[in-house]
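Undergrad: My questions all concern the structure below.
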Amino acid sequence: MAWYEWPLILSSVFYQLAIGAFIVLGGCILTGKLCFGQMDRLHRTMPALWLLLFSGLFLREITLIFSQLSVSPMLGQEALMVVGFFALALLYWFAEKGLVGSDRLRKAYLVLVIAAGTAYLLHGLFVRSEQWLVASHFLATTLCGGTLLAHASLVKAEHKVDEFNRALPYVGAVIMVICFLTGLPQLTDLASLAETRGEAAPFIAQVTSLGLLIAAVGVWFMPLLTKSKPALNVMTFALVLMIVSSYCAGVGY
């Protein structure tokens, strides 16, 4: 693997986590179960998403400059969609912080931003549709990892909605199972490739990725199993496992 592929993989992981988290947070806001104070604290956590998006874009552009690598039109279009989403999400955030317009108007604009994030998700699945293992990892990072990051943001914001603490881990677990089942058949192909050609690195990377994905969801479920409130340090540990899992998946392609 060439040196320039490592930061490109990390930049993609950052995009997917941030966009997936915003989609989930937007859905939580639209439920109307968060009071004004909780929403205000939640919006204070969103700069972490902006930092992920900015870091991803910065890593991508710097790597492309130094490597002089040509990018396929589909991946270039994906990067443009990330930039567009970033701009729309920032406008929503500034509108909420400044209470610009009516509450109904801001929620309508939030729906627009969620639609832009969903368009990115669908485009990413379409681009990766020829390889189900790649598509399943994309889905796992964006939706499962994004849901985990959104839950961590809610915990950081000290939300009081117990339904979110119960539902979000189950949403992540369902997505994890779907991704595992869809990607499992291609693991057998990688295993046979390792036996016939001696190329074991992709198989090891993918198995490690799936193992870390299961471990991340397991850690995420610990507060439910112990019947305790989610703690930020536990959520952070699960998120680190998820990021490493997504990175290993990218290395193994």
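The values are calculated or read from the model by the stated rules, or taken from the named source; none is laboratory data. The structure presented is a predicted model; accordingly, all values stated were derived computationally and were not measured. Heads up, the Cβs are rebuilt from the backbone with ideal geometry, glycines too, and the neighbour counts pull from every protein chain shown. Ligands, DNA and RNA are excluded from the accessible area calculation, which covers all protein heavy atoms including side chains. Shrake-Rupley method; radii C 1.70, N 1.55, O 1.52, S 1.80 Å.
Undergrad: Would you pick out the residues in segment 21-60 that are closer than 24 Å to V161 by Cβ, in contact with a helix residue (DSSP H, G or I) (Cβ under 9 Å, 6 or more places away or on another chain), open to solvent by 50 Å² or more (accessible area, probe 1.4 Å) and in a helix (DSSP H, G or I)?
TA: Listed by number, the residues that qualify are L30, R41, R44, P47, A48.
Undergrad: Here are some conditions: (1) over 30 Å from Q131 (Cα atoms); (2) open to solvent by less than 30 Å² (accessible area, probe 1.4 Å); (3) in a helix (DSSP H, G or I). N233 meets all but one. Which one does it not meet?
TA: Answer for N233: the failing condition is (2).
Undergrad: Taking T118 as meeting all but one of (1) in contact with a Leu (Cβ under 8 Å, 6 or more places away or on another chain); (2) over 28 Å from G37 (Cβ atoms); (3) open to solvent by 30 Å² or more (accessible area, probe 1.4 Å), write down the number of the exception.
TA: (1)
Undergrad: Can we say H137 is out of contact with any Cys (no Cβ under 9 Å at 6 or more places or on another chain) and either part of a helix (DSSP H, G or I) or at pLDDT below 90 (or both)?
TA: Details: out of contact with any Cys (no Cβ under 9 Å at 6 or more places or on another chain): no; either part of a helix (DSSP H, G or I) or at pLDDT below 90 (or both): yes.
For H137, the condition - out of contact with any Cys (no Cβ under 9 Å at 6 or more places or on another chain) and either part of a helix (DSSP H, G or I) or at pLDDT below 90 (or both) - is not met.
Undergrad: Determine whether V240 is surrounded by fewer than 17 Cβ atoms within 10 Å (Cβ to Cβ) and at pLDDT 90 or above.
TA: Working: surrounded by fewer than 17 Cβ atoms within 10 Å (Cβ to Cβ): yes; at pLDDT 90 or above: yes.
Spelling it out, V240 is indeed surrounded by fewer than 17 Cβ atoms within 10 Å (Cβ to Cβ) and at pLDDT 90 or above.
Undergrad: Residue by residue through segment 108-158, note down the ones that are among the hydrophobic types (A, V, I, L, M, F, W, C) and free of Cβ contacts under 8 Å to residues at least 12 places away in the same chain. Can you show your working first?
TA: At the first step, the residues of segment 108-158 found to be among the hydrophobic types (A, V, I, L, M, F, W, C) are 108, 110-116, 119, 121-122, 125-127, 132-135, 138-140, 143-144, 148-150, 152, 154-155, 157.
Answer for segment 108-158, where residues must be among the hydrophobic types (A, V, I, L, M, F, W, C) and free of Cβ contacts under 8 Å to residues at least 12 places away in the same chain: A108, A115, L122, F126.
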